[in-house]
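Everything below concerns the one structure shown next.
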Amino acid sequence: MGNCTSVSFKRVKGLITCRDEHKGRQTVKDMQQDGLSVEFQVVDVNDVQGIGQMIERIENDFGRLDVLVNNAGTILDRGVSVLNVEESAIKETFETNYFGALRMTRACVPVMKENGYGRIVNISSGLGAFEILHGGFGLKGVSSAYRISKTMLNALTCLVAQDVADMGIKVNAVCPGRVQTDMGGADAPQTVEEGADTAVWLATLGEDGPNGGYFRERRAIAW
């Protein structure tokens, strides 16, 4: 499960959240060694109380929130047809990949609204794009619950983007491709840096940047 969520830059304070304390603290250590100002807090996106504690800390310690990257995700049904995947696996996948992002977004938007500025980046997947779902592309029976959850995340991106358009907040989704992470595998074609490039771009958009879009390699792609 990829459950670390962050965007941070030099001279800008960032908060890394992860349900795995060891991985989270190691990530913070690595980023601090690169000169980045980041802190860590254990947060499970399925824990409403924990999310509330995160928001309280952000308001007390940082005073504002500019960027949210919804990166938490899980895949439990590799190679399983939608006709065979266990309902429990579908529900667990949706809890993290969709409802987790919804909970985080609902919690963060009011804080962003206070300053009239925000950038929300949803880490999606091309596997959830209708163009791919409809066309097949040799992916029949591949990770059905995961793919549907990413389609739901794409829909959430569009709806939230509409609701916050007049608040100075921009919401976009990104397909990073298959990346060399625990989920993507060591043989994935994209490095972590390459996979993160578009997300960082969306997290730092100017006022003339897109809202409610879906991107890969900084280019718009079909939903």
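Of the GluC sites (Glu not before Pro) found in the range 70-175, those in coil by DSSP whose Cβ has at most 15 other Cβ atoms within 10 Å are Glu86. Of all the options Met104, Met31, Met152, the one that moves most in a Gaussian network model of the chain with Cα springs shorter than 10 angstrom is Met31.
Using the number of other C-beta atoms within 10 angstrom as an exposure proxy, rank Leu153, Leu133 with the fewest first. Mind dumping the intermediate values first?
On the way: Leu153 23, Leu133 16.
Least crowded to most crowded, the residues run Leu133, Leu153.
Trypsin sites (Lys or Arg not before Pro) within the range 65-148: which are DSSP loop residues with at most 12 other Cβ atoms inside 10 Å? Taking the range 65-148 and a limit of 12 other Cβ atoms within 10 Å, the loop trypsin sites (Lys or Arg not before Pro) found are Arg78, Lys140. When the range 83-150 is described by a simple charge dipole with +1 on each Lys and Arg Cβ and -1 on each Asp and Glu Cβ, the residue from Ala101, Ser125, Met112 located farthest towards its positive end is Met112. Dividing the helix sum by the residues of the chain, where each DSSP H run of 4 or more adds -39500 (n - 2.57), gives a mean residue ellipticity at 222 nm of -12000 deg cm²/dmol.
Antiparallel as a % of all DSSP beta bridges within the chain, to the nearest 5?
Working: 4 of 23 bridges.
The antiparallel proportion sits near 15 percent.
Dipole magnitude for the chain: about 260 debye, using +1 per Lys or Arg Cβ and -1 per Asp or Glu Cβ, origin at the Cα centre.
We did not get these values from a lab; they are worked out from the coordinates using the rules stated. None of these values were measured; they are calculated from a predicted model. With ideal geometry, Cβ positions are generated from the backbone for all residues, glycine too; neighbour counts draw on all protein chains shown.
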